[in-house]
Amino acid sequence: MKEPLAFAATCDLVSIVRGRSLPLSELLRSPYGVGWVPANLALTSFGPIAEPNSFSSLGDLRLIPDLSTEILLPPIANGISDGSPLHLFLCNQTLPDGSPWDCCTRTHAINAIKELKEKHNIEITAAFEHEFTLTGFANGAPFSLEKLRGAEPFGSDLWHNLEANGLEPENWLPEYGTGQFEITLRPKDALRAADNAILLREIVRDTARSHGMRASFVPLPRPDGIGNGVHVHISLSRDGKPITYDPKEPKNLSLIASKAVAGILKHAEALLAFTAPSQISALRLTPHRWSSGVIAIAEHNREALLRICPLVGNDEKNHIRAFNVEYRAADATANPWLIISLLIRSLTDGLDMNEAVGEILTGETEGLPGVRLLPTTLQDELVYLAKNEKVKSWFPPQLLATHIAIRESEARVLAGLTDAEKCERYANVY
């Protein structure tokens with residue numbers, strides 16, 4: 001019997017899962033994982049390493065697997081043999097001696113979680129919602145049973161594959177756009193939620209390939225089309241008790257949660273350089289796309305950057321447990337570890353500032369005086385980032401410089417293309 005292979009994986013600054021494969025027994029036997037290279041972090045969405053590359057050709061790293069993240073990708077028939085399943089592990093990037101590498105994106109999330117816990121004794125529960133575009137099936141009307149059934153048996157197999165790997169799917173539905181679907185997972189602690197977001201994308205793509213289909217998480221399939229977002233639901237707890245909900249406060253948002261999310265609103269423009277970082281991401285984040293059009297917190301409004309999600313039923317205990325705030329300005333070109341780390345660092349900064357949000361908007365948000373609009377291009381997002389010393393201080397200089405170099409390199413690659421051509425280039429990657 002063939003020994004199964006393992007894949008030691010990391011997720012980089014352009015949210016592509018990369019790594020090395022070796023026999024499963026060898027990976028499990030080695031306390032220092034497998035070799036890796038710092039400059040790999042500078043790879044762009046389209047292949048080449050960004051220039052300038054602050055790592056140059058120097059240095060070595062190790063990919064150390066977190067065994068608790070293991071998933072099993074089933075064999076894919078090749079006409080000759082079904083082969084063996086692939087064991088995939090998410091890894092921390094470390095220095096050769098096993099000590100942390102400060103540019104590791106997963107370590108960045110771990111440190112942010114630790115800081116919030118140490119400074120304010122608060123932990124985050126999170127859930128990522130993913131939208132994606134599926135091709136190679138009989139499409140149907142938006143939200144219709146016909147569309148759901150037209151994608152079978154892909155949908156049923158996807159649900160099974162997620163359950164089999166412990167990712168606990170919550171909802172699977174045919175969405176509004178052509179070929180668009182949404183899959184959601186049950187809430188987990190912040191790191192596990194980000195881990196699961198990365199693993200979910202690979203399971204979706206892998207399941208689609210096994211059915212002769214293709215799944216793309218591109219933010220916008222075409223400029224006039226419906227975009228694919230990643231919505232991040234967050235709630236706060238202290239000593240194991242949820243603290244986001246308070247029926248005595250405006251719109252049920254507790255005072256401590258209000259102070260925390262004020263940090264997200266304060267730093268919103270700079271955060272977008274990481275949570276919506278492609279050359280086409282900003283095309284989706286405009287009014288009337290049901291994505292996010294304004295920098296505000298609003299009740300039940302899908303055009304706001306932060307949405308207070310509705311309460312269901314009359315069970316007060318369930319309200320306390322389930323109440324959450326949704327961040328709506330992310331997509332799958334963004335690294336989930338960086339999304340969660342930046343949201344948590346913003347929450348921490350909000351608590352440090354100790355000032356609650358101002359008005360929680362109700363009704364429509366368009367045209368309201370004093371409401372900030374989202375930046376309309378990635379270049380504008382990077383300008384805001386350059387001016388935001390607080391957000392920049394959250395990153396090691398090499399990590400920040402590499403992120404900016406990648407975005408500038410991709411801008412040069414796409415220069416002169418139409419928006420439609422840019423969307424197509426990204427769709428082929430994501």
Original post:
Restricting the search to the range 116-129, which residues are touching a helix residue (DSSP H, G or I) at 6+ places or on another chain (Cβ under 6 Å) and over 17 Å from ALA257 (Cβ atoms)?
Top reply: PHE128
**OP:** Working only within the range 173-187, note down all residues that are closer than 18 Å to ASN161 by Cβ and either touching a Ser or Thr at 6+ places or on another chain (Cβ under 7 Å) or not in a strand (DSSP E or B) (or both).
**Re:** ARG186
Subject >> the range 126-146, subset more than 25 Å from the chain's Cα centre (by Cα) and farther than 21 Å from LEU200 by Cα, residue surrounded by the most Cβ atoms within 10 Å (Cβ to Cβ) >> reply: ASN139
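Within the range 237-249, identify whether any single residue is over 18 Å from the mean Cα position of the chain (by Cα), over 28 Å from PHE154 (Cα atoms) and buried (at least 20 other Cβ atoms within 10 Å of the Cβ), and answer yes or no. Don't jump to the end; show me each part of the working.
The first filter runs over the range 237-249 and keeps only residues over 18 Å from the mean Cα position of the chain (by Cα), leaving 237-249.
Right, trim to over 28 Å from PHE154 (Cα atoms) and you get 237-249.
Those still in the list that are buried (at least 20 other Cβ atoms within 10 Å of the Cβ) too: 244-245.
There is at least one residue in the range 237-249 that is over 18 Å from the mean Cα position of the chain (by Cα), over 28 Å from PHE154 (Cα atoms) and buried (at least 20 other Cβ atoms within 10 Å of the Cβ).
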Original post:
For the range 377-396, what are the residues that are without any contact (Cβ under 8 Å) to a residue 12 or more places away in the chain and not charged (D, E, K, R)?
Top reply: VAL383, ALA386, SER393
**OP:** Tell me the helices (runs of 4 or more DSSP H) entirely within the range 189-278 that contain at least 3 residues that are charged (D, E, K, R) and closer than 30 Å to LEU67 by Cβ.
**Re:** 190-210
Subject >> Checklist (1) in contact (Cβ under 8 Å) with a residue 40 or more places away in the chain; (2) crowded, with 23+ Cβ neighbours inside 10 Å; (3) on the phi < 0 side of the Ramachandran plot applied to PRO174, failing item >> reply: (1)
Original post:
Yes or no: ARG106 buried (at least 22 other Cβ atoms within 10 Å of the Cβ) and either closer than 23 Å to ASN428 by Cα or modelled with pLDDT of 90 or more (or both)?
Top reply: yes
Original post:
Quick one: ARG149 ticks every box in (1) under 26 Å from ASN171 (Cα atoms); (2) among the charged types (D, E, K, R); (3) surrounded by 15 or more Cβ atoms within 10 Å (Cβ to Cβ) bar one, so which box is it?
Top reply: (3)
**OP:** Mind listing just one residue for me: the one in the range 403-418 that is in a helix (DSSP H, G or I) and not aliphatic (A, V, I, L, M) and, of those, farthest from LEU382 (Cα to Cα)?
**Re:** ARG412
Original post:
Taking the range 16-35 on its own, how many of its residues are in a loop (DSSP other than H, G, I, E, B), touching a residue at least 12 places away in the same chain (Cβ under 8 Å) and more than 22 Å from ILE406 (Cα to Cα)?
Top reply: 3
Original post:
Can you tell me which of GLY19, GLY35, GLY83 is within 22 Å of ALA6 (Cα to Cα), surrounded by 13 or more Cβ atoms within 10 Å (Cβ to Cβ), of a type in the set (Gly, Ala, Ser) and modelled with pLDDT of 95 or more?
Top reply: GLY19
Subject >> Residue that is surrounded by the most Cβ atoms within 10 Å (Cβ to Cβ) [pool: residues in the range 373-430 that are touching a Pro at 6+ places or on another chain (Cβ under 9 Å) and aromatic (Phe, Trp, Tyr)] >> reply: TYR426
Subject >> Sole residue being surrounded by 13 or more Cβ atoms within 10 Å (Cβ to Cβ), polar (S, T, N, Q) and under 11 Å from PHE89 (Cα atoms), chosen from THR44, THR69 >> reply: THR69
Subject >> Top-ranked residue of the range 341-369 - restricted to ones that are in a loop (DSSP other than H, G, I, E, B) and over 24 Å from ASN252 (Cβ atoms), ranked as modelled with the lowest pLDDT >> reply: GLY367
Original post:
If you check ALA332, ALA273, which single one turns out to be more than 23 Å from ASN388 (Cβ to Cβ), buried (at least 24 other Cβ atoms within 10 Å of the Cβ) and in contact (Cβ under 8 Å) with a residue 60 or more places away in the chain?
Top reply: ALA332
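The values are calculated or read from the model by the stated rules, or taken from the named source; none is laboratory data. In this text, all values refer to a predicted model and were calculated from it rather than measured experimentally. Neighbour counts run over all protein chains shown; Cβ positions are idealised from the backbone, glycine included.
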